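In what follows, a single structure is set out as structure tokens and then discussed.
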Amino acid sequence: MKEEFIELLRSTKREGIEDVIQFIEKTDFYKAPASTRFHGNYEGGLLEHSMKVYEILKHKVKNSIVDLNVSDDTIIIAALLHDICKVNYYKVDYRNAKNERGEWEKVPYYTVDDTIPYGHGEKSVMMLTEYMKLTSEEKYAIRWHMGFTEPKEVYNTLGQAFKKYPVALMLHEADLEATYLFDI
């Protein structure tokens, strides 16, 4: 899956994409979970989640009843890199839990260690733009991919973003579908 992920990124031939790939190689992206407990909370979950979001977004855009005129590069970049903010974000810790025999034992679990507290979507955009230029469509899609899990105070702004760049709405939907329909 790692090879396919890298091959897709390279297929964009976007200036700076090799720098993004090199950055990712220095992180825990390929081993990180997608979350602590909601979806993909296992080693490699973030990579698997990102690939599933790509698969779903590609299908949604290609089969949309509205012509979105979204490039393959934008689909690849937005889907595969929407959660780049999760690199080096989760750590393994231990807690006591009873095993099947009723005995206490230490068990591993994922916890958050946010060393760059800059939000979620906006953090991904910020991190990516250190290495490559994103189109406005990509910035909006990645920034607003959390959709209505954002605070209600920004719903008007979110709605405007979805109208301006419908791929942002589709990325949000693809993220939800990967999470809730595929549990990754």
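The values are calculated or read from the model by the stated rules, or taken from the named source; none is laboratory data. A quick note: this is a predicted structure, and the numbers were derived from the prediction, not measured. Positions of Cβ are backbone-derived with ideal geometry, glycine not excepted, and every protein chain shown enters the neighbour counts. Just so you know, the surface numbers come from the protein's heavy atoms only, side chains and all, with ligands and any DNA or RNA stripped out. Shrake-Rupley method; radii C 1.70, N 1.55, O 1.52, S 1.80 Å.
Could you point to the residue in T74, H59, Q22 farthest towards the positive end of the stretch 1-74's charge dipole, with +1 and -1 charges on the Cβ of Lys/Arg and Asp/Glu respectively? Selected residue: H59. Between the entries [x] 13.7; [y] 11.8; [z] 9.6, the label attached to mean projected area of the Cα convex hull in nm² calculated for this structure is [y]. K58 contributes about 90 Å² of solvent-accessible surface, heavy atoms of the protein only, 1.4 Å probe. Please name which of L9, G119, A97 has its Cα lying farthest along the dipole of the chain towards the positive end, using unit charges on Cβ (Lys, Arg +1; Asp, Glu -1) and the Cα centre as origin. Result: G119, furthest along the dipole toward the positive end.
Charge tally for F182 (other residues, Cβ to Cβ under 10 Å; Lys, Arg +1; Asp, Glu -1): -3. When +1 charges are put on Lys and Arg Cβ atoms and -1 charges on Asp and Glu Cβ atoms, the dipole computed for the chain relative to its Cα centre reaches about 300 debye. Please give the helix 155-164 orientation as an angle from the longest Cα principal axis of the chain, in degrees from 0 to 90, rounded to the nearest 10. Between the helix axis and the principal axis of the chain, the angle is about 50 degrees.
Here the stretch 18-104 is assigned +1 on the Cβ of each Lys and Arg and -1 on the Cβ of each Asp and Glu. Its dipole about the Cα centre then comes out at about 460 debye. Maximal additional length on extending the Y155-F182 stretch stands at 7.0 nm, based on 0.36 nm per residue less the C-alpha distance. Compared with the dominant principal axis of the Cα atoms in the chain, helix 2-11 is inclined by about 20°. Proximity of backbone amide H atoms, modeled 1.01 Å from N, is registered between G40 and I184 at under 5 Å, excluding neighbours fewer than 5 places apart on the same chain.
With every protein chain in place and a 1.4 angstrom probe, the accessible-area ranking of R37, R143, largest first, reads R37, R143. Magnitude of the charge dipole for the stretch 80-140, about its Cα centre and with charges confined to Cβ atoms of Lys, Arg (+1) and Asp, Glu (-1), is about 120 debye.
Sum up the lysine pairs in the stretch 17-136 that clear both bars: alpha-carbon distance under 14 Å and a spacing of 8 or more or different chains. Counting lysine pairs in the stretch 17-136 gives 6.
Between A174, N88, L46, the Cα set farthest toward the positive side of the dipole of the chain (charges on each charged residue's Cβ, about the Cα centre) is that of A174. Look at where the Cα atoms of the stretch 8-23 and of the stretch 143-160 average out, and the two centres are 29 Å apart. The overall shape of the stretch 49-95 is prolate: from the C-alpha gyration tensor, with semi-axes ordered a ≥ b ≥ c, the ratio a/c is 1.5 or greater and a/b exceeds b/c. Which value, in Å², gives the accessible area per residue of the stretch 96-184 when a 1.4 Å probe is used on the protein heavy atoms? Computed with neighbouring chains in place, this is 61 Å² per residue. When you restrict to C-alpha pairs under 8 Å that are six or more residues apart and normalise by the size of the chain, the relative contact order lands at 25 percent. For the pair N69 and E100, label points projected 7 Å from Cα toward Cβ lie 5.9 nm apart. The angle between the Cα long axis of helix 45-62 and the main principal axis of the chain comes to about 30°, on a 0 to 90 degree scale. By the helix-only formula, in which each DSSP H run with n ≥ 4 contributes -39500 (n - 2.57) and the sum is divided by residues, the chain has a 222 nm mean residue ellipticity of -14500 deg cm²/dmol. Once a ≥ b ≥ c are taken as the square roots of the eigenvalues of the Cα gyration tensor of the stretch 117-184, is the result rounded (a/c under 1.5), prolate (a/b larger than b/c) or oblate (a/b not larger than b/c)? Rounded.
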